[in-house]
């Protein structure tokens with residue numbers, strides 16, 4: 001990862017213009033380069049066969065939790081609970097639920113979900129750490145505005161990329177002989 005540029009201290013800003021939310025968001029995007037959630041989604045998920053999953057996680061749907069119950073692993077988004085087949089799928093969906101995406105594509109090949117979930121969670125944590133670092137010694141309001149703007153831009157890019165087909169396509173290249 002590139003070196004993080006240290007912003008000036010608040011008392012040094014008296015002669016400079018105010019730091020804008022858009023400037024901080026662009027700096028975070030620049031530092032993440034191609035390791036962004038939409039880039040991973042486009043390049044690693046949508047490039048292969050996928051299935052659509054309806055999260056119905058609105059923008060203000062509440063906190064996202066992963067629950068281990070007697071019935072299995074569930075993703076709790078606000079008041080809703082979604083039963084998931086395995087931990088990798090829950091981790092994958094949790095990232096998109098935090099972003100507030102309504103529908104998302106899941107790789108049909110379940111062996112890839114865990115690796116992609118690792119990458120998505122890693123990028124999410126880097127993004128949150130960069131927000132904390134670049135807004136250090138700033139108001140909580142600025143920090144919240146940067147987080148909200150960055151998540152909104154990510155949500156727009158994911159929605160623009162699409163959620164794939166409802167049912168995956170199966171290409172049958174063999175013919176039966178009679």
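The values are calculated or read from the model by the stated rules, or taken from the named source; none is laboratory data. Please read all numbers here as calculations on a predicted model, not as lab measurements. Cβ: placed from backbone, ideal geometry, glycine included. Neighbour counts: every protein chain shown.
The set of residues in segment 137-167 being farther than 17 Å from residue 36 by Cα, touching a residue at least 12 places away in the same chain (Cβ under 8 Å) and either surrounded by fewer than 14 Cβ atoms within 10 Å (Cβ to Cβ) or out of contact with any strand residue (DSSP E or B) (no Cβ under 8 Å at 6 or more places or on another chain) (or both) consists of 137, 138, 142, 143, 145, 165, 166, 167. Can you confirm whether segment 25-45 contains a residue that is in contact with a helix residue (DSSP H, G or I) (Cβ under 8 Å, 6 or more places away or on another chain), modelled with pLDDT under 90 and more than 30 Å from residue 134 (Cβ to Cβ)? No. For residue 177, the stated conditions do not hold, so it cannot be described as loosely packed, with under 12 Cβ neighbours inside 10 Å, farther than 25 Å from residue 44 by Cβ and at pLDDT 80 or above. Would you call residue 22 surrounded by fewer than 15 Cβ atoms within 10 Å (Cβ to Cβ), part of a helix (DSSP H, G or I), at negative phi and touching a residue at least 12 places away in the same chain (Cβ under 8 Å)? Taking the combined requirement at face value, the residue satisfies it.
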